[in-house]
1. Need one number for the chain: average projected area of the convex hull over its C-alpha atoms, nm².
2. Can you give me the distance in nm between label points at ASP139 and PHE108, each placed 7 Å from the Cα along the Cα-to-Cβ direction?
3. Would you mind pulling out the separation of the Cα centroids of the range 107-134 and the range 217-266, in Å?
4. Full extension from ASP132 to ASN66: what is 0.36 nm times the residue separation minus their Cα-Cα distance, to one decimal in nm?
5. Report the full-extension gain for the segment SER425 to ALA322: residue separation times 0.36 nm, less the Cα-Cα distance, to one decimal in nm.
6. What's the local net charge at GLY11, with K and R +1, D and E -1, over the other residues with C-beta under 12 Å away?
7. Taking the beta-carbon count within 10 Å as an exposure proxy, list SER196, SER364, SER4, SER399 from fewest neighbours to most.
8. Lysines near LYS370 by alpha-carbon distance under 20 Å, same-chain residues fewer than 8 away left out - which ones?
Amino acid sequence: MMLSAPKSLSGPRLAAYNHVQLGLGIGTHVPHFVDAATGKTALHLQAAMKAGAPVPLDRLESTAENLVHQLEGIRVPRHFLHLQRSIWLLEHARALRANVQILQGKHFSVADEAKLLYGVDVAPFPDLHFQDLRNRLHDLLPGKNDRSKTLAERRAECDQARSIDPNLALRLIHKTIYPKVQKLSAAFYTAPEKNSVEFALAHGVSWTGYNWWQGKGHSLVQFNGDRPMALAHLADTVMHEAGLGHHLHHVGIEHYLDRGHRWLEHSIDLFGVPWGTVAEGIAMTALPLVMDKETWIAWHKDVLFPAAHMTHLDAEREYEQAVTALKTAYGNAVFLFADGASAEQVQNFFRTNAASTEADALKSANFVKKYGSYAFTYYMGAALMAKLYARPSWNGQPSPHYWYHRLVSQPVTPSMIRAWIEHGSSADLSALLRA
């Protein structure tokens, strides 16, 4: 049941209230749509939604149309932060409207859906792109001259030799990896308040790691407990979920926007909106911000591999494998499913083009089947962040610290990031409100 907005609300405050209602209403139809809801108002509205039947689609449609109409007619704010808020609300309202239209049966092309929901322009990668990745793996994996084994078989053998039991991984995360992640994160960014992370294993899931934001500075981070975990990927995964990635992003947004400005729209995290591209972009590039290649190799060789009794691993080779960008295969898999490919055909695509093992191909296909065009947010978001961090800040010098702080303390969308990349920190964003 959707509740009527308090009569005292108007302007952006009314838009924020309706944004929360609309997102929660879509969540009554899509189980994983609401990733987190915190704060008294959001939890009250969520409880009201759960108490009744799914919100009728025509009610969601009218709410979405009214919200977009209200925001398209809003006056351009003078203060940069209020301008960013208005742009954020408008672009998210349009994305929520598209989500309602999808629920009503409207079909969007993959490219249109990615643009409407996540604010990114996408196209499938050519075969040559994956051939280059396979050539890179061929040179990196042991057994380069053994023609009796396929690339996928060599990768499976390598993964077996470099992976550890999830329970051992969890112990290493507690004792060795998370303390390092905390130290690196604190040296780069001073969190605005005390915060905490809890770690656990999950079962029957299609992802490797997941941050379940709990609010009040706390995250529950779960890891896939059904499959061995690649030791060389653990630091990146923990930083992604529990360090400068999702956790500290949440901490900053809650502190500065949700509680600081009392901007209600930031009391919920939703699937299928531009926020996802920004969030995954921050998380995907978190570890490289604080650990370059030489530091990565030295720490893994001298600390992590001995702690796991895996000193047989070649740290430099492990690094090169870890940074080989196979996430791009997820995007092509989205196009394949949209073109009517079966799950087995998509799994075969992962085995053939990404040299995935049987288990990885199944996991990847299941992930893409469930989350669809969200798969683009990982590598598209990472590409945006890499360009942004290289851009000069207000003093004319490249400053990842400056940009990171803006990302975790202000309302940001992919279109704003593109404007900053092109025009710098003083870019005029007002045109985005009239786009």
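1. Averaged projected hull area, Cα only: 21.1 nm².
2. 3.9
3. The two parts, judged by their Cα centres, are 26 Å apart.
4. Going from the current span to full extension adds 19.0 nm.
5. Fully extending the segment from SER425 to ALA322 adds 33.9 nm.
6. +3
7. The order, fewest Cβ neighbours first, is SER4, SER196, SER399, SER364.
8. LYS106, LYS115, LYS327
We did not get these values from a lab; they are worked out from the coordinates using the rules stated. Values in this document were obtained by computation on a predicted structure and should not be read as measured data. Every residue, glycine among them, receives a Cβ derived from its backbone with ideal geometry; neighbour counts consider all protein chains shown.
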